[in-house]
1. Keeping all protein chains in position, work out how much accessible area S102 exposes to a 1.4 Å probe, and write it in Å² to the nearest 10.
2. Assuming R0 = 30 Å, can you tell me the calculated FRET efficiency for the pair S102 and S3, based on Cβ-Cβ distance, to the nearest 0.05?
3. Using a 1.4 Å probe on the protein heavy atoms only, what accessible surface does L77 show? Give it in Å² to the nearest 10.
4. Of R119, R74, which has the most accessible area and how do the rest follow, probe 1.4 Å?
5. Evaluate the distance, in nm, between pseudo-label points positioned 7 Å from the Cα of R121 and of L38 along their respective Cα→Cβ axes.
6. Per 0.36 nm of contour for each residue apart, how much would the distance between D13 and K94 grow if the chain were fully extended, relative to their Cα-Cα spacing?
7. Any idea of the accessible area per residue across region 24-120, 1.4 Å probe, to the nearest Å²?
Amino acid sequence: TGSVCLRMILDSDEHTAWSQRMNLDQFVRGKNKEKIFLGNCIRGSKGAVLSFIIFTDRDGSHFKLRVEPPVKVRNWLPVPLDSVLYRGDKQLLKSNIDPDSSLNIHNVRNSNELSLFLRPRGYNWGESIGIPF
C-alpha cells in the first residue's frame, strides 16, 4: 500500500501547499465501483483552503482517479455573468463567467456560511440571485 498527496497549480505564480496524505487503500478497497473523496490544499500567502474532490472509478482491476473542484458553476446564458462569493459578510471571490464557460469554486470545505451571488452583466446587484451552500 502507499499514499498520495496532491498540490494545485494556480494560474498565478502563487503556490499551494501539498494536500493531506491520502492512503491509496481508501481509493481501491471495497466492492464499490465508484467512490468520492474530499481533500484540500492551503493557498500559500493567503492561507485560504482550496478544496478538491477525487472520483475513483473501477474498471476490472484498474482504477481511474479524476480530480475536480467541489463546485462548478456553468453559464448557459448567452450573456456574461458577474459572480461574488461571500463567507458571511466577507467577500472571498469576485469573478466573471463568460457564456458557455465555467467557474471553479475550490474553497468550500468546512464552510456552511458560503453564499454565491450571480447576476447578468449590466444588472444591479439588488436583482441578483443568492445561492447558499
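The values are calculated or read from the model by the stated rules, or taken from the named source; none is laboratory data. All values derive from a computational prediction rather than experimental measurement. In this analysis, Cβ positions are derived from the backbone assuming ideal geometry, glycine residues included, and neighbour counts consider all displayed protein chains. Just the protein is used for accessible areas: all its heavy atoms, side chains included, with ligands, DNA and RNA removed. Shrake-Rupley method; radii C 1.70, N 1.55, O 1.52, S 1.80 Å.
1. In the full protein context, S102 sits at about 50 Å².
2. That gives a FRET efficiency of 0.50.
3. Its accessible surface works out to 80 Å², give or take rounding.
4. Output order, biggest surface exposure first: R74, R119.
5. Calculated label separation equals 3.3 nm.
6. Full extension from D13 to K94 adds 27.2 nm.
7. In whole numbers, region 24-120 has 63 Å² accessible per residue.
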